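Single-structure report; data block below.
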Amino acid sequence: MLYRSIDLYKWEEVGELHTRLSDFGYMWECPDYFEFDGQGVLCFCPQGAKLNDPGNIYRRVM
């Protein structure tokens, strides 16, 4: 879920984040959004991502 706040005290629900990732864990921790060179960047720590999923750059290859 996405929320926004102007003063960090009152929060408004914006909605659910939708991506092209079909199955990339059950929760994304420590999200951080910023813009770089005109592009939006979302960094997060996926919890429950499959270890051998090519999209998981921290995967353990067995």
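The values are calculated or read from the model by the stated rules, or taken from the named source; none is laboratory data. As the structure is a computational prediction, the values presented were derived from the model and not from experiment. No Cβ is skipped: glycine too gets one built from the backbone with ideal geometry, and neighbour counts run over all protein chains shown. These area figures cover heavy atoms from the full protein model, side chains too; ligands, DNA and RNA do not enter into them. Shrake-Rupley method; radii C 1.70, N 1.55, O 1.52, S 1.80 Å.
See the values below:
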| quantity | calculated |
| --- | --- |
| Neighbours by Cβ (under 9 Å, 6+ apart or cross-chain): first from segment 5-19, within 20 Å of V41 (Cα to Cα); second open to solvent by 100 Å² or more (accessible area, probe 1.4 Å) and among the hydroxyl-bearing types (S, T, Y) | V14/Y3 |
| Residue satisfying all of: in segment 1-18; at pLDDT below 90 and open to solvent by 100 Å² or more (accessible area, probe 1.4 Å); nearest to C30 (Cα to Cα) among these | M1 |
